[in-house]
Amino acid sequence: MAQPKRKQSKQRSRKRRGAVQFQLPQLAKDSQDGTLFRPHRVNPANGMYRGRQVMDVEL
C-alpha cells in the first residue's frame, strides 16, 4: 500500500476540515400562509404536504 512521503502538517489538515462548514437548511415558503418549512416534509405549522392535509395540528 502506498505511503505518504512526508507527514501532513496540522495546518494543512485544519484548512481542509475548515472548508466543510455547517450550512443552514434550505427552507421552502408555504403558498397558503407563508410559513417557512423544510422541503419534501410536512409543514409543522399547518400539517399540509403537497397541497393536502395529512396531519391534524392544534393551533
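Quick rundown of the values:
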quantity	calculated
Selection within the range 15-36 - within 18 Å of the chain's Cα centre (by Cα) and closer than 25 Å to residue 50 by Cα	24, 25, 26, 27, 28, 29, 30, 35, 36
Residue match in the range 32-51 (condition: surrounded by fewer than 10 Cβ atoms within 10 Å (Cβ to Cβ), part of a loop (DSSP other than H, G, I, E, B) and of a type in the set (Asp, Glu))	no
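Coordinate-derived values only; no laboratory data. Note that the coordinates shown come from a computational prediction; the quantities given were computed from them, not determined experimentally. Glycine gets a Cβ as well: all are built from the backbone with ideal geometry, and neighbour counts include every protein chain shown.
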